[in-house]
Amino acid sequence: MIDMTYRVYLRWPDKTTTDKTTTEDEHVADTAFSRLRERTDLRGKSVGVAYTRDGKQMDYFDIDSA
């Protein structure tokens, strides 16, 4: 079995990242992605939630346009 590395984080307009979760557990990554997407304190801000697997972007959610 090949281990995969998942990363979920907030990506800001200046390319900085915060609230990063790094895991080999897909369920943990999915949960982190859902929780960041649901953060009401980020609405109206130019920030997105990135979800990557082994360095490749799998999903991206633009909070500002939600």
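The values are calculated or read from the model by the stated rules, or taken from the named source; none is laboratory data. What you see is a predicted model, and the numbers here were worked out from it, not measured in a lab. Positions of Cβ are generated from backbone atoms using ideal geometry, with glycine treated the same way; all protein chains shown enter the neighbour counts.
Just checking, how many residues over segment 15-53 are in contact with a helix residue (DSSP H, G or I) (Cβ under 7 Å, 6 or more places away or on another chain), of a type in the set (Ser, Thr, Tyr) and modelled with pLDDT under 95?
Residues flagged as in contact with a helix residue (DSSP H, G or I) (Cβ under 7 Å, 6 or more places away or on another chain), of a type in the set (Ser, Thr, Tyr) and modelled with pLDDT under 95 within segment 15-53 amount to 1.
Using the structure shown, decide if GLY44 is surrounded by fewer than 12 Cβ atoms within 10 Å (Cβ to Cβ) and touching an Asp or Glu at 6+ places or on another chain (Cβ under 7 Å).
yes
Can you tell which of ASP3, ASP30, ASP14 is in a helix (DSSP H, G or I) and among the acidic types (Asp, Glu)?
That would be ASP30, the only listed residue that is in a helix (DSSP H, G or I) and among the acidic types (Asp, Glu).
Tell me, yes or no, whether segment 41-57 has at least one residue that is in a strand (DSSP E or B), of a type in the set (Asp, Glu) and within 16 Å of THR5 (Cβ to Cβ).
Within segment 41-57, none of the residues are in a strand (DSSP E or B), of a type in the set (Asp, Glu) and within 16 Å of THR5 (Cβ to Cβ).
Could you list, in sequence order, the residues of segment 1-26 that are among the charged types (D, E, K, R), within 13 Å of the chain's Cα centre (by Cα) and on the phi < 0 side of the Ramachandran plot?
Hits for segment 1-26 are ARG7, ARG11, LYS20, GLU26.
Return yes or no: is TYR60 hydroxyl-bearing (Ser, Thr, Tyr) and buried (at least 17 other Cβ atoms within 10 Å of the Cβ)?
Answer is no for this residue.
For THR5, all conditions in the list (1) in contact (Cβ under 8 Å) with a residue 24 or more places away in the chain; (2) in contact with a Phe, Trp or Tyr (Cβ under 6 Å, 6 or more places away or on another chain) hold save one; what is the number of the exception?
(2)
ALA29 fails exactly one of the following numbered conditions: (1) closer than 21 Å to ILE2 by Cα; (2) within 13 Å of the chain's Cα centre (by Cα); (3) surrounded by fewer than 15 Cβ atoms within 10 Å (Cβ to Cβ). What is the number of that condition?
Result: ALA29 fails condition (3) only.
Could you list, in sequence order, all residues of segment 30-54 that are small (Gly, Ala, Ser) and in contact (Cβ under 8 Å) with a residue 24 or more places away in the chain?
Of everything in segment 30-54, those that are small (Gly, Ala, Ser) and in contact (Cβ under 8 Å) with a residue 24 or more places away in the chain turn out to be ALA32, SER46, GLY48, ALA50.
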